[in-house]
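Values quoted throughout were computed directly from the atomic coordinates according to the rules given, and no laboratory measurement underlies them. Keep in mind that this is a model prediction, so the values were computed, not measured. Quick reminder, even Gly has a Cβ in these numbers, built from the backbone with ideal geometry, and neighbours come from all protein chains shown.
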Amino acid sequence: MAVSWTDFFQGTLMFIAILAVPLTAMAAMGGLGATADRITAINPELLNPFTGVDGLPVAAVVVISSLAWGLGYFGQPHILARFMAIKSAEQIRQSRLIAMIWVVISLFSAVVVGMLGRVYLGGVPLEGAAVEEVFMRMVQALFNPWVAGIMLSAILAAIMSTADSQLLVTASAISEDFYKPFFRPKASDKELVWVGRLTVVAVAAIAFVIAMNPDNKVLDLVAYAWAGFGSAFGPVILISLFWKRMTRNGALAGMLVGGVTALVWQQISGGLFDIYEIVPGFLFAAIAVVVVSLAGKEPAAEIQEEFDRIG
């Protein structure tokens with residue numbers, strides 16, 4: 001519930017900022033028609049979403065990789081935690097509508113910010129890690145410092161909406177699913193709280209070290225983690241909802257195969273291997289779940305055997 005409420009306020013600020021920046025930029029450049037003319041003067045292909053930067057049609061690998069981002073949602077622990085806060089299953093339909101409206105508008109606006117940045121910032125494309133600074137530079141150029149400060153805080157909101165969710169989920173997983181079952185079965189609530197706090201500090205420290213590399217791109221890091229989580233947990237979550245024959249060993253095999261595939265595939269480049277690693281990761285994990293589940297005992301027998309072993 002805490003994750004959902006913080007995301008609501010952070011998301012509202014992000015929503016306002018991602019709409020205000022492109023609308024203000026277009027107004028400053030003379031409106032929609034004048035803006036389109038200026039973009040066309042720099043590169044007419046920018047207005048064609050199905051054409052790559054080299055003027056050729058977007059490759060099928062790019063289209064498949066882009067669409068595959070959607071598979072990652074099913075395996076993100078910090079996203080799945082939001083379902084725990086919903087009051088009833090009947091509200092999922094309304095939540096889905098709200099989420100899709102938010103995603104369509106915000107992602108479309110983000111693409112427009114990138115296009116307008118090419119024009120408004122002088123027509124010279126940013127390079128390296130600086131490509132992710134287009135929103136910040138647009139804000140500083142368009143608004144006075146007071147308004148710019150509020151708009152730039154939307155970036156912190158975007159960071160926090162993911163970071164706080166992942167930190168809370170990580171702290172809970174380490175304390176409740178790892179520390180207590182394997183090390184301290186009789187640990188008190190106070191002890192588990194402190195374990196959770198130390199976990200947050202440790203994860204934050206690791207993230208700080210990673211962020212110290214100036215060549216790291218946020219999108220690249222997010223894409224890597226997104227594929228890892230999506231491949232490891234996504235197929236298991238989906239199959240468990242629609243196939244009762246899945247077993248514990250099948251789930252474990254799916255998580256292992258999906259995670260390893262995403263890690264290995266990301267290191268391979270060239271040709272077909274340029275496809276986003278979540279595609280093979282998700283596919284191989286699903287196959288592993290089905291094959292291992294069918295090779296083992298049915299879930300009912302497996303559970304009964306575990307009960308007998310425990311005694």
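In this label model, Ser4 and Val260 are separated by 3.8 nm, measuring between points 7 Å along each Cα→Cβ vector.
Between Gly122, Gly149, Gly234, the residue with the greatest mean-square fluctuation in the GNM of the chain (Cα pairs under 10 Å linked by springs) is Gly122. Anisotropy class assigned to the stretch 1-161 is oblate, per the alpha carbon gyration tensor with a/c at or over the 1.5 cut-off and a/b no larger than b/c. Taking chymotrypsin sites (Phe, Trp or Tyr not before Pro) as exposed when their DSSP state is a loop state and no more than 15 other Cβ atoms lie within 10 Å, the longest site-free interval of the chain runs over 51-182.
Between Arg137 and Gln91, the FRET efficiency estimated from the beta carbon spacing at R0 = 51 angstrom works out to 0.80. Qualifying trypsin sites (Lys or Arg not before Pro) in the stretch 153-234, where qualification requires a DSSP coil assignment and no more than 15 other C-beta atoms within 10 Å, comprise Lys186, Lys217. Using only the Cα atoms of the chain, build the gyration tensor, take square roots of its eigenvalues as a ≥ b ≥ c, and label the shape rounded, prolate or oblate: rounded if a/c is under 1.5, else prolate if a/b is larger than b/c, else oblate. Prolate, since a/c reaches 1.5 and a/b exceeds b/c.
For the chain, averaging the sequence separation of C-alpha pairs within contact (under 8 Å, six or more residues apart) and dividing by the residue count gives a relative contact order of 23 percent.
The simple Förster model, with R0 at 30 Å and r as the Cβ-Cβ distance, assigns Arg248 and Asn213 a FRET efficiency of 0.15. Look at the Cα gyration tensor of the stretch 186-274: its axes a ≥ b ≥ c give a/c of at least 1.5 with a/b at or below b/c, and that counts as oblate. Against the chain, whose longest principal axis is taken from its Cα atoms, helix 145-172 shows a tilt of about 10°.
With respect to the chain, whose longest principal axis is taken over its alpha-carbon atoms, helix 248-266 is tilted by about 30°. For Lys244, the lysines whose Cα falls under 17 Å of its own Cα, not counting residues fewer than eight places away in the same chain, are Lys297.
Legend: calculated FRET efficiency, Phe108 to Leu238, from the Cβ-Cβ distance at R0 = 25 Å, rounded to 0.05, equals 0.40. Comparing Leu156, Leu80, Leu97, which has the greatest mean-square fluctuation in the GNM of the chain with Cα pairs linked when under 10 Å apart? In the Gaussian network model the winner is Leu97.
Of the residues Asp164, Asp215, Asp274, the one that moves most in a GNM of the chain with alpha-carbon contacts below 10 Å is Asp215.
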